[in-house]
Each structure stands twice: as C-alpha cells, then as structure tokens.
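Notes follow once the structure below has been shown.
The values are calculated or read from the model by the stated rules, or taken from the named source; none is laboratory data. Keep in mind the model is a prediction, meaning the values are calculated, not measured. Reconstructed Cβ throughout: ideal geometry from the backbone, glycine too, with neighbour counts over all protein chains shown.
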C-alpha cells in the first residue's frame, strides 16, 4: 500500500544571525546551510493498518507525511502510495488520500462549514448519493449537526477540528495521513477524535498513518509504531516490543506494615517514591525477581507488585532519544 | 466544469459576507465616479476644446471607461495567492484534485462579475442624474473587437499577477512588496490608468505597444473610442495574444520550479 525506500529530504536554509549587525551581515553575505530532514528512511505499510509515527520535534515526521501526500518533492529515494508516485499529484491519487493537519484549516473562515463541504463535493466529484451518506455518517459520529450552518469563525477550536475532519474525509479516502490531530484540544474533544479514528479505520478499512505528541493517542490507537529521530528510523514494530526494548527497568511497589529504615531499601533498588505505607522502587529488569525476594525476606512487607514502567515514561524516553 | 461552477458560487457568497465593508466599497466607487466626472467636465467646459485628439464626449468616455475597465480587469481575488504561498495555505489546494490556476481564474471571474454588475448600476445612476454627453460605439465589429480585447486583458492581468505572486516561493517575506511594484506602479502606470498614453513621445508610445501593459486598459478603450481601426486592431490583438502565450508558458514553468522548493511551511 505504502512503500518508502531510502527516502532523503534536504532543505536549504539561510542562516540568520541575531542583532542588527548580524541581520545586516546575513543580508549582505547570505550563508546557506543544508539541513538533512530525512536521512534515507525505509518502511512499508499495508492496507488497513493504523500506524503511529512518533519522535521528538523536528525529527522529520511531518516532512515524511508531506512527501507521502505529494506536497513536497523528496531529494532522493523511492515512494509509492497505492500505485502512484505522490508528487506527480495525479487527480486519481489525490482522490484516494487525505492529509489532516491539526494546525491547518481548509474551511472557509467566513462561511458555514456546509459550504466548504459542498465545494469539496464538487472538487472531488463525489456522487450525490455517496456524499449524502458519507456526510450523514460523519456528522452523526462526530456529533456536529448543529454546527453545520454556523460561520466557521464563530466556532471553538474543538468544534472546528471536528468539521475539518469531515471536510478531509468526505471523499472517503483509502489512505489518511494525520498530523497531530488532537493538538490543542481538551481531553473530551481528544477522546472524541480518537474514538472516531479507530472507528473510521475499522469501517472503511482505511490505512491511517498518524503523528502525535500525545501519548494517549498512541497507546489507545496504534498497534504498530515507527519511531523517528534526527531523520532516521530508530524503531519500527509493535508497541509492546517498543516497550520491551526501551523499558530497561521494572517498578516494584511494596506495602509495609511497620516503620523501617529507608536507607536499607536503597541497596535493593532506586527508591522513586515513599508514600507510607506504599513505597515505589525501580530495579533493573533482569534483577526484578531477586529484588522482590530480597524485599520479602528482609522487610516487613504486607503486599508486593511488580509492574512494567508506565508507557508514558517509556515514550518520553523515546522522545528524548535515550536508549 | 461543474466544480468550477461551485467555486464560482461559493466565491460570490464570500464577497457578500462583510455587508458594511461591501457597502462602503461601493459608496467609495460612486464618489470616485462623480469626482472624476466633475473634474474633466470642468476642464472641457469650453465648447469645441480638443486635447490630444479627444473632444469633451470622448475624454469623458475615456476617464469613465477607464474606471469601468479597471473595475473589470484589475479587480481580482488572485492578490491573495502570494499570501497563500508564503503562509503555506497553498498546501490545502495541492492536496485536492483541483487546478490551482483555474480555481483562481474562476474566483476572479466571480469577483469581476460582481464588480461589473454594480458598476452598471452606479453608472446608471450617474446617467440619470447628470445626463452626460457620452460616446456610444455602435459599430458591431468594433464592439466585437472591444470585447475580444477585454477578454485578453483580463487573462493577461491574471497571468501577470500570478507570476508576481510566485515570488514568495523563493522569498516568503517579499509577498506584498513585489506585488505593489508590479501591479500598482508598472501595470497602472503603463496601462493608461493614470494618464492618456497618447501624451507620451511617439517612439516611447510605439515601444510600449510591444509590451503587454497597454493591452490591459488603454488598448481596449482605444478600440471602443474608435481611435484605432483595422490593421492596428488586428496587430494589437495578435501581440497581446502572443504575450498571453508567452506569459502562460512562463507561469507554468515558474510554478513547477516553485513547487520543487515549496516547503509547505506554517507549522
């Protein structure tokens, strides 16, 4: 469905120095610099997959999405999306895809959203019957019936984002690229969008590739994740495997019955939190069982659990590039 | 074709959104028409005065004609294109199976239709109130040539504006400055919007006719006024058509180069 091989994208940027003298200097002697946004990444995605694309800011996530949707030309490499090369922007290709961006809007600002929908119907040449069904489905799922006739500029960000989603999906794309779809939304609105994405993926067997900084998005939505950092892929696989390969520690929680000398606990593992009667320790993965038995033998332990590190902590490490 | 009709409709709706703004804009136009009328009417108050081959009726037709043709040719939504390129809003269009030029040409035409409609009403008011002596062209062939030259003028201006709008692909901060120079200074100055091009020295005048600019305003109006005829009309139409072709090819090639360096910025 989507094939990417050795994709490279370089940007040329002019360096701007700060301060008045610096500004004048760069005006007279502009200094060009090549920024390597993507350093030869490769991956494939099959039909119907819902893949999360994660990495720190500036890692190259959005650049990849923009190349896959045909907006940017790559510097080199091979890309095929369905049977098309994206940047040729063939109308048949464009009818099959959609790019949803949390911070870009296509709705006409001064007019009600229904006008933009009508325009998209004409542009994508959606048959009347399909359009009606499609609109009805989306409007119901996202619960926006009352918002259709209100000028877009009077809507809140969350309301607008839902309507943006409809505008992007009216033509029932087979492949949807989503760039930070929940950015700036409150928790309820985020959940609405997330539920919708899962539902859309199931109903239409659509292939969805989404980037997000929101850990809940990734945990709740995707099975497979691709981690990108500094223009290269550092992990591609199951979310559970990602946890394994990045989780070097386990969390042990003990409940004690009597006061103890906490200093002795340090010998067993790193004390993360003390909240009598609960104490949280972090220990190396391999030594977890040993540490647990040590605790049971030497301390007045009432109860004990061994847990994985929370996924948020792991992904945070991934974002930081810690391995 | 149907999609462009829908674009036409929604574009027209957009024009009416800001009611007060719209009314103010039309009021300004009416005032402008009256001012220009009184100015030239008093200059030519002496009967039988002829300047540069224009008598009273023709000069009034000229200055008012310039207003109408300018309203048709220069009124344009396409001025937004450079902003869309530098802000990255262009991305929205690149994602859709729609031709960006035809999209804007359609939006332009809807804007022009609106302008023309109101210009007709406003001039109607002028005629009813002032009953000016006005030169009415009745020769069918001349009128035909006039409308052809007007269509070419619209297209030429669209191309010039579009090409100028591509500058932000390479220099995002230049969006407005370049447009100002090309549109306000060059196009208005050299198209006859500010003064009669006949005033210029003959050689300069002739040379100007090899550029696309006089074909934006002055040439159609000259045809209407019957100042030029026959071969000169044909020659002018051929030159302006050639320019259309050259600018079209130029625009296409710059567009594709621009897309290669386009960064889809704005986030």
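Summary table
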read-out	value
Selection status of residue B:264, in a loop (DSSP other than H, G, I, E, B), out of contact with any strand residue (DSSP E or B) (no Cβ under 8 Å at 6 or more places or on another chain) and within 14 Å of chain A (Cβ to nearest Cβ)	yes
Members of the stretch A:85-117 that are in contact with a strand residue (DSSP E or B) (Cβ under 7 Å, 6 or more places away or on another chain), closer than 19 Å to residue A:185 by Cα and within 8 Å of chain B (Cβ to nearest Cβ)	A:99, A:101
Looking only at the stretch B:129-173, and only at residues there that are without any contact (Cβ under 8 Å) to a residue 60 or more places away in the chain and assigned to a helix (DSSP H, G or I), the one that is surrounded by the most Cβ atoms within 10 Å (Cβ to Cβ)	B:147
Failed item, numbered, when residue A:120 is tested on (1) at the interface with another protein chain (Cβ under 8 Å from one of its Cβ atoms); (2) free of Cβ contacts under 8 Å to residues at least 60 places away in the same chain; (3) surrounded by fewer than 20 Cβ atoms within 10 Å (Cβ to Cβ); (4) within 27 Å of the chain's Cα centre (by Cα)	(3)
Any hit, the stretch A:24-34, residues being in the same structural domain as residue A:200 (by TED's automatic domain parsing) and touching a residue at least 40 places away in the same chain (Cβ under 8 Å)	no
Verdict on residue A:125 being in contact with a helix residue (DSSP H, G or I) (Cβ under 6 Å, 6 or more places away or on another chain) and at the interface with another protein chain (Cβ under 8 Å from one of its Cβ atoms)	no
Segments classed as helices (runs of 4 or more DSSP H), wholly inside the stretch A:212-323, with at least 3 members that are out of contact with any helix residue (DSSP H, G or I) (no Cβ under 6 Å at 6 or more places or on another chain) and surrounded by fewer than 18 Cβ atoms within 10 Å (Cβ to Cβ)	A:239-246, A:262-265, A:288-298, A:311-320
When residues of the stretch A:52-76 are limited to those that are touching a helix residue (DSSP H, G or I) at 6+ places or on another chain (Cβ under 7 Å) and within 25 Å of residue A:241 (Cβ to Cβ), the one farthest from the other protein chains (Cβ to nearest Cβ)	A:52
Residue within the stretch B:200-220 that is within 14 Å of chain A (Cβ to nearest Cβ), touching a residue at least 12 places away in the same chain (Cβ under 8 Å) and not in a helix (DSSP H, G or I) present	no
Which numbered condition residue B:92 misses (of (1) surrounded by fewer than 21 Cβ atoms within 10 Å (Cβ to Cβ); (2) under 24 Å from the mean Cα position of the chain (by Cα); (3) at pLDDT 85 or above)	(2)
Yes/no for residue A:165 being assigned by TED's automatic domain parsing to the domain that holds residue A:195, touching a helix residue (DSSP H, G or I) at 6+ places or on another chain (Cβ under 9 Å) and surrounded by fewer than 20 Cβ atoms within 10 Å (Cβ to Cβ)	no
Set B:257, B:232: member being part of a helix (DSSP H, G or I), over 18 Å from the mean Cα position of the chain (by Cα) and within 30 Å of residue B:53 (Cβ to Cβ)	B:232
Verdict on residue A:30 being in contact with a strand residue (DSSP E or B) (Cβ under 8 Å, 6 or more places away or on another chain) and under 25 Å from residue A:147 (Cβ atoms)	no
Residue pairs meeting the criteria (Cβ under 9 Å; at least 6 apart or on separate chains; first closer than 17 Å to residue B:84 by Cα, in the stretch A:99-113; second in a loop (DSSP other than H, G, I, E, B) and at pLDDT 90 or above)	A:106/B:95; A:106/B:96; A:107/A:155
Those residues of the stretch A:131-156 which are part of a helix (DSSP H, G or I) and surrounded by fewer than 14 Cβ atoms within 10 Å (Cβ to Cβ), in sequence order	A:132, A:133, A:136, A:140, A:145, A:146, A:153, A:154
Flag for residue B:83 being away from chain A (no Cβ under 12 Å), surrounded by fewer than 21 Cβ atoms within 10 Å (Cβ to Cβ) and within 24 Å of residue A:101 (Cβ to Cβ)	yes
Identity of the residue in the stretch B:4-21, at pLDDT below 85 and touching a helix residue (DSSP H, G or I) at 6+ places or on another chain (Cβ under 7 Å), that ends up nearest to residue B:103 (Cα to Cα)	B:15
Strands (runs of 3 or more DSSP E) within the stretch A:1-110 that include 2 or more residues exposed (fewer than 15 other Cβ atoms within 10 Å of the Cβ)	A:2-15, A:31-45, A:76-81
